[in-house]
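Read the figures in this text as sums done on the coordinates, not as results from a lab. Owing to the predicted nature of the structure, the values given are computational and were not obtained by experimental measurement. Ideal geometry is used to build each Cβ from the backbone, glycine not excepted, and the neighbour counts take in all protein chains shown.
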Amino acid sequence: MATTAAPTWDTLSASVLKTATGTRLAAEAEERQKGRGPPHTDSLLRLFDAKDESEVRVNFYRDHAAWCPYCQKTWLLLEEKRIPYKVTKINMRSYGDKPASFTNKVPGGYLPALELDGKMITESLVIMQLLDATFPQGPPMLPPPGTPDRDAAQRLLSLERELFSAWCQLTFQPGKGLFDANERNFLATLRKVDDALLATPGPWFLGGEAPSLVDLQYVSHVERMIASVLYWKNLKLRGTGSFPGLDAWLTAFEQRPSYVATKSDYYTHVMDIPPQYGPGYPVDAAKSVAAGIRGEGTWELPLKLNAALNVADALEPLAPLQYISDEAAAAEAAFKLTRNAKNIARFAARAVGTPGRPQFQAPLADPYAKPNEALVEPVDVALRHVAHALLFGTSAALSAGAAADLAGSGKELQSCLAYLRDRVGVPRDMGQAAAICFRAHLQWAMDLCE
């Protein structure tokens, strides 16, 4: 592929910045460097009302993948209470090695971890309670000890553990249990949760205008339950009318920028759950919906992302804060691609490169793999056509020579693009709508390679 008509990365980057989405994202990236702006997975410093970094007392250690449910709830509390904090990202155990600088501080390498005034604390619930007691700003996360409301909160926290246990019994055992006992137990426990949500005014477990620690304790695992029981057990929980309290609660969360910034998509969940919890056991009835979550028939052009705003009908709903337009989603994907294009091309070329050593439990993780240098340039050209298509449409990309460059490229280039497509994580790499656009455009490029 000595010559190509694909636009250069400089040209593509300039085109991204001419879009409203690109302009906004570039401005937000500049604000993040100062510790300001909206919540985002790329933020390493959050100042809120602090004047500068010297006033920051908290260092939050969370996972690189932005997926760990225990990190997510801690992250949400920091955001909701507007506690200034720094972020240090650490691999989850199944995704790569943890640096000695971390394990020397935290024997066992547990995440999340939090350093407050130089003291290390682990275990998410302990961390959240300590933060709530230490920092008075923002909404109180728990009622005062010794009050009826605190007793109610403790009962709800116990119910969350009951729900988690019921989910594990259903998801990580074959079938749905003897005479569907595991499914019935899970749904009965979820009904108790729904009743608790309906028992208070407003959407939250303890009432009030904002989520409490109880809500944060629930939401990270409920988010994963919704994806996993649909994927492995063909059990849809959202938008069915069966759990109105849960529906209203999730809708309220999805109106909060802090939650949307931390929220994963179904595909990311079902890829990340097995390395952390063990394999989910599918039922035959889930084959079709599982294929859709893996992108079969759903990561294809043309896309109609606005249809996912209908919670009742969508395979996977999009919240209004996650979606402006199809064009905005595509521009976000192009922005993220053009910002790190050379590294992304080398990453994708690992598909036909040298596997790394040691290997890790997560099948999509291979941090020490080496790219096939002969494929880096062809992948780079393909990604330039993908970026062009994201910004101007596939017809424009075809006019710029995409078909001529990619036709007959063969299985190796397809493998590289598939390797990248299957490793786009939400929210780590981009938002949910942008990820769908990017995956679908990678599939378009793969189809041209045949």
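Listing for the model above:
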read-out: Relative compactness, segment 166-217, computed as alpha-carbon Rg over 2.2 N^0.38 Å; value: 1.45
read-out: 19 Å Cα-Cα threshold exceeded, pairs from K105/K263; K34/K86; K105/K370; K342/K370; K98/K336; value: K105/K263; K105/K370; K98/K336
read-out: Size of charge dipole - the chain - debye, nearest 20, with Cβ of Lys, Arg +1 and Asp, Glu -1, no other charges; value: 700
read-out: Helix-only [θ]222 nm of the chain, DSSP H runs n ≥ 4, -39500 (n - 2.57) each, per residue, nearest 500; value: -16000 deg cm²/dmol
read-out: Cα centroid separation, segment 325-345 to segment 356-390 (Å); value: 16
read-out: Karplus-derived 3J(HN,Hα), 6.51/-1.76/1.60, for each residue of segment 248-253, Hz, glycine and proline x; value: 5, 5, 5, 4, 5, 4
read-out: Square roots of 5 times each gyration tensor eigenvalue, C-alpha, segment 320-409, largest first, Å; value: 27, 20, 9
read-out: Longest to shortest principal axis, alpha-carbon extents of segment 38-134, angstrom; value: 36, 25, 24
read-out: Interchain or long-range residues, amide H under 5 Å from V58's placed H; value: K86
read-out: In order through segment 431-441: 3J(HN,Hα) via Karplus (6.51 cos²θ - 1.76 cosθ + 1.60), integer Hz, x for Gly, Pro; value: x, 4, 5, 5, 5, 4, 4, 5, 4, 5, 6
read-out: Free-standing Cys residues across the chain, given no other cysteine C-beta under 4.7 angstrom; value: C168, C416, C437, C449
read-out: Sequence ranges 32-38, 74-80, ranked by mean other-Cβ count within 10 angstrom, highest first; value: 74-80, 32-38
read-out: Positive-end extreme of charge dipole, the chain - chosen from A29, V126, P139 (charges on Cβ); value: V126
read-out: Charge-dipole axis of segment 148-304 as Lys and Arg at +1 and Asp and Glu at -1 on Cβ define it, positive-most pick from V222, T171, A248; value: T171
read-out: More than 27 angstrom apart: percent of Cα pairs within segment 181-330; value: 23
read-out: Evaluated over segment 242-341, the Cα radius of gyration and Dmax, each in Å; value: 15.4, 45
read-out: In nm, spacing of pseudo-spin labels at Q129 and A14 (7 Å Cα→C-beta vector); value: 5.9
read-out: Charge dipole magnitude, Cβ of K and R +1, D and E -1 - segment 38-134, Cα centre, debye nearest 20; value: 200
read-out: Among A382, A285, A418, residue whose mean-square fluctuation peaks in a GNM of the chain (springs only between Cα atoms under 10 Å); value: A285
read-out: Ranked R93, R439, R161, R339, criterion: other C-beta atoms within 10 Å, fewest first; value: R161, R339, R93, R439
read-out: Taking segment 1-132 and dividing mean pair separation by its residue count, relative contact order in percent (alpha carbons under 8 Å, at least six apart); value: 20
read-out: Value of Rg to Rh for the chain (Rh from inverse mean 1/r over Cα pairs, i.e. Kirkwood); value: 0.97
read-out: Normalised contact order of the chain, rounded percent, pairs of Cα under 8 Å and 6 or more residues apart; value: 18
